[in-house]
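The values are calculated or read from the model by the stated rules, or taken from the named source; none is laboratory data. What you see is a predicted model; the values in this text were computed from it and never measured. Virtual Cβ from ideal backbone geometry, glycine too; neighbours counted across all protein chains shown. Quick note on the areas: whole protein, heavy atoms, side chains included, nothing else; ligands and nucleic acids left out. Shrake-Rupley method; radii C 1.70, N 1.55, O 1.52, S 1.80 Å.
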Amino acid sequence: MASTKMADDSAKLQILKDALYEEIRQHGSETRLFTQRDLLDLNIIPNNDLLLLVRVVQGLTDDKLLVGTTNHHAGLAWRWRSREEAKKYTSLPNDETVMVYSIIDEAGADGIWNRTIKNKLNMHEAVVKNCIKFLESKGYIASMKNVEHPNKKMYIKATLRPSERATGGPWFTDGELDTAFISELEGIVFEYIKTRSAYRSSQVQPTAFSSGGTAKPPKKGAVTADSTTARGTKRSATDISTDDTSAPARGGSAKSRHVFLPMPAGYRHYPTVAEIAKFIHDTGITNNTTLGEADIQQLVDVLTYDGLIEPVRVGRRRGYRVTRAMKQDTVPFQKRAKEREAGIGLDQPLAPGPEPLSNGLTEAPCGRCPVFELCEEGGPVSPSNCVYFLQWLDVEDLPKAVAPNVALPP
């Protein structure tokens, strides 16, 4: 009779365990914590019997289906674990391996350092290594790289994907900062902001005279010699305007260049981070890498810190515009990159934005001469035979007698 009663109690307990476990799964995710009051409110335990609840929870804990934890708000609480994961725990050979696997499980997607496992569990290093080796052989855990700690041996559950904090997000590839990918995206984002925060215009640059010869200086208004007028007498405006009609007219020839001009005051359509992110997504230029608004905001912040763009707020809309719009390159950044691939413009740095601010010293060759230390009269490089001055003055085609070829040291 006693054995039959015990069997009945065991069967009833198993029914309550299954019912409580299924009810817990339906009322929250694996991360939700259930307190004692929450478990009683599920109306599974008859008459809210606390002793029976303790037996049921203890049984689920022994089966590794519930995990006990401490909540600083409500005290002791439990969270549920999937049956597949519980089978892994019950299949482990000893308590040491269970403890190691449990602490790796708790670390989540950030992973955990093997030395941290050893220190937290206060185990001998050889025991920890044996447990990790066993778990790796079963495929329960896997090693990983963390960009914050590249020299540390980290471990993570094999079924989890490392977090962006561990992998560095889209800016890292195989644990290394992908500078080429970042530079290319910065150029694309900058070009998008430039073309939508400024407009192209043609600016006329008049020449001094229409004729191709040497320009003649304008005549002064004083009379040099005249039988009727005293020397040094000022002529009238009519006399000056009709004088020397054979002189070439000023402004007869003009050429224009394309420039960017800033948008007028009150312009309301400066590009926002959301619009930039949508543009990047629609063009598909990032291939299999998904970039969110937070990632695009990081690129925009870098361009802002570099002084290439600036935020502008119109009403509640926060957009961005380029700085020094008139100094911006009218050739798209992507076209400049393709020209460099073809071997064009290799002597110029490829970077978004206008040329840096300069003065007379930095514009002249001496201010940025790579062989400044060797420059002296009688030396291999001197001011009298400087090829950099010839390039700067656009007189590279002068005869050799005037501009001899000078072999510069490597």
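Residue by residue through the range 49-83, note down the ones that are assigned to a helix (DSSP H, G or I) and either among the hydrophobic types (A, V, I, L, M, F, W, C) or closer than 19 Å to HIS27 by Cα (or both).
Within the range 49-83, LEU50, LEU51, LEU52, LEU53, VAL54, VAL56, VAL57, LEU60, THR61, ARG83 meet the criteria.
Within the range 148-160, being part of a loop (DSSP other than H, G, I, E, B) and modelled with pLDDT under 85 holds for one residue alone: GLU148.
Restricting GLY175, GLY111, GLY139 to residues that are small (Gly, Ala, Ser), over 28 Å from LEU299 (Cβ atoms) and in contact (Cβ under 8 Å) with a residue 12 or more places away in the chain narrows the list to GLY139. Filtered by the rule that a residue be open to solvent by 20 Å² or more (accessible area, probe 1.4 Å) and either within 41 Å of the chain's Cα centre (by Cα) or among the charged types (D, E, K, R) (or both), the range 86-102 gives LYS87, LYS88, ASP95, GLU96, VAL98, MET99, SER102. Among residues of the range 260-277 that are more than 20 Å from GLN328 (Cα to Cα) and free of Cβ contacts under 8 Å to residues at least 60 places away in the same chain, those with a Cβ under 7 angstrom from a residue that is surrounded by fewer than 16 Cβ atoms within 10 Å (Cβ to Cβ) and of a type in the set (S, T, N, Q), sequence gap 6+ or separate chain, pair up as VAL273/GLN297.
For the range 293-335, which residues satisfy the criterion of being surrounded by 14 or more Cβ atoms within 10 Å (Cβ to Cβ) and part of a loop (DSSP other than H, G, I, E, B)? Across the range 293-335, the qualifying residues are ASP306, LEU308, THR323, ARG324, GLN328, ASP329, PRO332.
For the range 243-265, the criterion of a residue being open to solvent by 90 Å² or more (accessible area, probe 1.4 Å), in a helix (DSSP H, G or I) and either at pLDDT 90 or above or farther than 24 Å from PRO354 by Cβ (or both) is satisfied by no position.
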